[in-house]
Every structure is written in C-alpha cells, then in structure tokens.
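Encoded as structure tokens, the structure appears first; notes follow it.
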Amino acid sequence: LYGMQAADSASLANAILATRSIAELSTQTVAVRRFASRRLSEGSGAEVLCEWIAALNDLIALQAIDLVEAGFELPYVPWCWLVFGSEGRLEQTLVTDQDNGIVFEAGSAVEAEELRQKFLPFAQAVNEALDACGFPLCSGQIMAGNPVWCLSLDEWKQRFGRWISVPEPKALLNASIFFDFRPLYGREELVTELQAWLLKRVKGNTAFLRAMAGNALEQAPPLSWWRDFRLHGGPEFPHTLDLKGQGIRLFVDVMRIFSLAHGVAQTNTVERLRGVRQAMGMPVEEVAAMAASFFQIQRLRLQNQVSGEFPAAANRLNPDRLHKLDRLILKEALRQARTLQQRLRLDFLG
C-alpha cells in the first residue's frame, strides 16, 4: 500500500491499523469504497484499482481477526485463515461477500475434531465482525465458522482429494472457488504445503481437468452470431448482460484449469495467464491483449457498481448506456474470452 505512491491510500492504511474496535473498523470499509470510487472517477486503471481494493480489504480483515482473536484463548497449534474466490484471487470489486476457512495442524482425526470445536467460536465471531465491517455473510455458508470449512491440513487434503479422484461435474462446479485459495492470517507454511500437494495431485489427472473444462465451457460469451450482444436479464433487469457471470468468470474458470494443469501456484487470474504463457506457447502480445480484456471488464464492473443503476444486481450492465468505443472494446474483450475457451476445448475436450 505504501509503495502505491498515493497519500490517501497510506492514510487509509494507517487509519485501519489504528482502529481498536469492530465498530470503528466498520467505518473504514466505507472510506475504502469512497476512495475506490474517487480513484475510478479520476481515471485509475482497473488493475491498479483492484490491487488497492484487495490490499485495503485484506488490511481490514487482518485487523478484524486481530481484534477478535484478543478475546479468545486459541489452541497452541499452527493454524491459518484462508480466503477463497475473488478474495483468494485478489480480484475484489466494491461488492463482495465472504469466502473463507481455517486450516490447522492436527495429529489425528480425534484431535482434529477437538481442535475444531475450539476454533469454531472464534471463527464465527470473525465472520460476524467481517459482516459488521461490510463484508456480508456468504449465502452458501463458505465461511470459517462453518465446521465444514474449519479443517485440519489432512482433512483439507482429503476434501480436495475427493474432488480430484471422483470428478463429479456438479460437485466440482460448487467447489471451483476453493481452488483459488491463499493464506491471509497465521502460519502460511500450512497453505504452502496444501498448494504444493494439490498441484502434484492434479498434474496429469486428465479426468479431473476434463470435468473442470466441461463446467467452464457451459457459459458462453454473450455475443450473437451477427456480432452484437446477447442480452437477457428478464423483466427485473431487461436488456442487460452479467459482467461477472458472462464476462469475468469466463477468464477466471479457464485460467484456473490451465494453471492447475501446468503447476502454476498463483491464484490471480492475470498472473495465472502470465505464468502459463511459456508452457502454452502464447505470444507476449496475445497474453497482453487477454489481460487488457479482463481488466476492461473489471473497469466496467466497477463503474457499474459506482453508478448503482441496478443496486440488487451490481454486475448487470445495459450496453446501450456505453458510448460507441466502450461497446466495441467490450465486444473485443468478450471475443478474447471466447478465444481462451476455444483453446481450453481443444486442449482438454478434443
């Protein structure tokens, strides 16, 4: 944050670190969103802006965990707070909920259960604190306070092992965000070990990668055959497309698979793209175009969230509201996503 050469981001970081209560910390979330909105209006690029948002949100979450932890006597074992999904990929925008878990060290299944019962009250308190700070509870209950996602290192390996060994498409679809995990607070070596184990298990597992690829190709870019947008949204959001589900997700899902297949440990979508470039024989210019396309859609998401045209669906965009150049760029960005999908289909589905 201090290296971003922005006085207001450094000031925000100091204010977050100076908080001494969750109530006080919750006001900083509002400040972060105001900061991001101002930066967007001043012309900051989506890549830098998403880095700022992710870094500041991380700082809020770290401070929340620190404040909550002071009220608990946790077990003296190595443990780490994990984040998944957009937070795990460092791709948060202004509208985001929680996706987190805990990994801890345990010598046996019995010890794991005993430790879980000690960690759960703390984890649930952190989830409530993050909710108070403007990060809503996950509707799918993917949170550390849920015993299903408060697991020992061995239990996490078993969970991932089941998804990999028996690649049932629907289960993998629901589990996909778990493959975008990173450590946030605690003993990072536990997560490093889990990542290394996971990449080793996935490498060469064609059945698993094929199942993941099949899921990733279920959603096509919202482009019609006559080179215009395919728009839906129903009566609630007429004449719109979903910038997240029909845009960003296309890049995310494809690059998750390629990074797993090629042993790339990064979780950020563009870093994954850059990480597999050489192994996939992709020209630098092609990677740059795909990265620019991804960030163009992120920029439109941020603008849309700030405008608040569809508060109940912040990722819904009516492309008629865009000027001609932005419409053309969005179409080209979606074509880049389609190119990535075509490469995925050839590589894994023949």
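The values are calculated or read from the model by the stated rules, or taken from the named source; none is laboratory data. These figures come from a predicted structure and were not determined experimentally. Here Cβ is always computed from backbone atoms with ideal geometry, including for glycine, and neighbour counts include all displayed protein chains. Heavy atoms of the whole protein, side chains included, go into the accessibility calculation; ligands, DNA and RNA do not. Shrake-Rupley method; radii C 1.70, N 1.55, O 1.52, S 1.80 Å.
Phe135 passes every criterion in (1) open to solvent by 10 Å² or more (accessible area, probe 1.4 Å); (2) touching a residue at least 60 places away in the same chain (Cβ under 8 Å); (3) within 30 Å of Glu271 (Cβ to Cβ); (4) over 18 Å from the mean Cα position of the chain (by Cα) apart from (4).
Considering Glu332, Glu286, the condition of being without any contact (Cβ under 8 Å) to a residue 24 or more places away in the chain and among the acidic types (Asp, Glu) is satisfied by Glu286 alone. Taking the criterion of being surrounded by fewer than 20 Cβ atoms within 10 Å (Cβ to Cβ), part of a strand (DSSP E or B) and either within 18 Å of the chain's Cα centre (by Cα) or among the hydroxyl-bearing types (Ser, Thr, Tyr) (or both), the residues of region 183-193 that qualify are Pro183, Leu184.
Return the only residue of Glu73, Glu91, Glu105 being of a type in the set (D, E, K, R), open to solvent by 40 Å² or more (accessible area, probe 1.4 Å), under 23 Å from Met143 (Cα atoms) and in contact (Cβ under 8 Å) with a residue 40 or more places away in the chain.
One residue alone meets the criteria, Glu105.
What number of residues in region 269-300 are under 30 Å from Leu231 (Cβ atoms) and of a type outside the set (D, E, K, R)? Quick ask: steps written out before the conclusion?
Of all residues in region 269-300, those under 30 Å from Leu231 (Cβ atoms) come to 269-270, 272-273, 286-300.
Of the ones still in play, those that are also of a type outside the set (D, E, K, R) are 269-270, 273, 287-298, 300.
Residues that pass the stated criteria total 16.
For region 23-40, a residue qualifies if it is open to solvent by 40 Å² or more (accessible area, probe 1.4 Å) and either touching a Ser or Thr at 6+ places or on another chain (Cβ under 8 Å) or under 16 Å from Leu67 (Cα atoms) (or both), and the qualifying residues are Ala23, Glu24, Thr27. Close Cβ contacts (under 8 Å, 6 or more residues apart or on different chains) running from residues in region 171-193 that are free of Cβ contacts under 8 Å to residues at least 24 places away in the same chain to residues that are part of a helix (DSSP H, G or I) comprise Ala171/Trp163; Ala175/Trp163. The number of residues in region 49-96 being in contact with a Lys or Arg (Cβ under 8 Å, 6 or more places away or on another chain) and among the small types (Gly, Ala, Ser) comes to 1.
Inside region 161-188, residues that are touching a Gly at 6+ places or on another chain (Cβ under 7 Å) and closer than 21 Å to Val77 by Cβ make up a count of 2.
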